[in-house]
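Undergrad: I have a structure I would like to understand better, so I am pasting it below and will then ask my questions one at a time.
Values in this text are rule-based calculations from the coordinates and carry no lab data. Computed from a prediction, not measured in an experiment: that's the story for all the values here. Cβ atoms come from the backbone with ideal geometry, glycine included; neighbour counts cover every protein chain shown.
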Amino acid sequence: MALLLKTDQLWTCPNCSAQSVTHEARPHSRFHICKGLHGLTAPMVRAGTRCKVVAVEREDYIGTDRVRLDPERGRPVMSVITTRDDGQDTTVFAPTAGGMGSGS
């Protein structure tokens, strides 16, 4: 007879009112479109986790790269950083390079 474990994990967001429940026993994470970060995709944290989740603006030249923009300010965003007492995680928005046209 096999023992089946069912775990419920409550996820919350420190920047908005989003909540979610997962039932996965293996390590995993949860993301959502965060109203508190102007619609950027951001990680949720386990309920009760003390942390700060912030968007980091891209400060270098973007040229023809297609980058993720902050929908409210129109500024390029390069990552979302989650800082907890025991460490830090980063969600990176990698740009898409734009190709040059092939002239004649």
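Undergrad: Could you compute the FRET efficiency for Tyr61 and Lys35, with r as their C-beta to C-beta distance and R0 at 30 Å, rounded to 0.05?
TA: Plugging the Cβ-Cβ distance into 1/(1 + (r/R0)^6) gives 0.50.
Undergrad: Here are labelled values, (i) 13.6, 43; (ii) 18.0, 71; (iii) 19.0, 70, and one is the computed Rg and Dmax of the Cα atoms in Å for what I pasted. Which one?
TA: Among (i) 13.6, 43; (ii) 18.0, 71; (iii) 19.0, 70, the one derived from this structure is (ii).
Undergrad: Please sort 22-33, 37-48, 69-80 by packing, taking for each peptide the average over its residues of neighbouring beta carbons within 10 angstrom, highest first.
TA: Output ranking for 22-33, 37-48, 69-80: 37-48, 69-80, 22-33.
Undergrad: R0 = 22 Å: FRET efficiency of Asp85 with Arg46, Cβ-based, nearest 0.05?
TA: 0.95
Undergrad: Also: If you average the sequence gap of Cα pairs under 8 Å that are 6 or more apart and divide by the length of the chain, what percent do you get for the contact order?
TA: 20 percent
Undergrad: To continue, here is another question. Looking at Phe93, Thr12, Ile33, which one has the Cα that reaches farthest to the positive end of the dipole of the chain (charges on Cβ: Lys, Arg +1; Asp, Glu -1)?
TA: The residue sitting most towards the positive pole is Thr12.
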